[in-house]
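First comes the structure, then the notes that go with it.
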């Protein structure tokens, strides 16, 4: 019998925490991972370009390489899976393919379709490489946050990680140059035996302004 407790959204947000330690030898099936990742496609992305790509690492030999590329952080070894979240710097080149469905359905006329594709391409190309990289990171980050909430709702714990060598990680996982390793997400069942109280969180009054800073 599953011990998962169904949570409303407010509780889900409050209960999601970055797990610093996982219970070892807890397996997660590819089917369950795919069920979670199938929901990630609903994350927002600029122009619906869907910049994100996930490399899911479960194989022990590959995980060892990721462990070494992440400065030998223990949670990588004990995680049930490690998800490397990438952002595609050239996502704008998919504008034509992504909008074809709307063209075939008659939602977009041929002229609207061509105009949409042209405007997206010129928008990115006109802003250059730095903007493309920033967009890859921005949109992949939105996707990653949604994944972590989905995982928590399914009874899994996660930890977003930026402590890794991007070049070593890219080499280990054969990541193309057009993709930016944005962050890693370790996933598993948290070992709460040494869990600390949640750190200070600013009240809204400290980080929210209205109409001007």
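Rule-based calculations on the coordinates, nothing more; no lab input. Given the structure is predicted, the values throughout are model-derived calculations rather than measurements.
Given the range 94-213, report the % of alpha carbon pairs whose separation exceeds 20 Å.
68
To the nearest 10 degrees, how steeply does helix 95-104 sit against the main Cα axis of the chain, on a 0 to 90 scale?
Tilt of helix 95-104: around 70 degrees.
When the convex hull of the Cα atoms of the range 1-87 is projected onto a plane and the area is averaged over all directions, what value comes out in nm²? Mind showing how you got there, number by number?
On the way: hull surface 30.0 nm².
Computed as one quarter of the Cα hull surface, the answer is 7.5 nm².
Quick one: what does P(r) look like for the range 61-129 with 10 Å bins over all Cα pairs, in whole %?
P(r) over the range 61-129, rounded to whole percents: 17, 28, 16, 20, 17, 2.
How long are the three semi-axes of the equivalent ellipsoid of the range 48-92, in whole Å, if each is the root of 5 times an eigenvalue of the C-alpha gyration tensor, listed from largest down?
Details: eigenvalues 129, 21, 13 Å².
Values for the range 48-92, descending: 25, 10, 8 Å.
Under the Kirkwood approximation for Rh and a Cα-based Rg, what ratio Rg/Rh is obtained for the range 26-72? Could the numbers behind the result be given before it?
Details: Rg = 14.0 Å, Rh = 12.9 Å.
So for the range 26-72, dividing Rg by the Kirkwood Rh gives 1.08.
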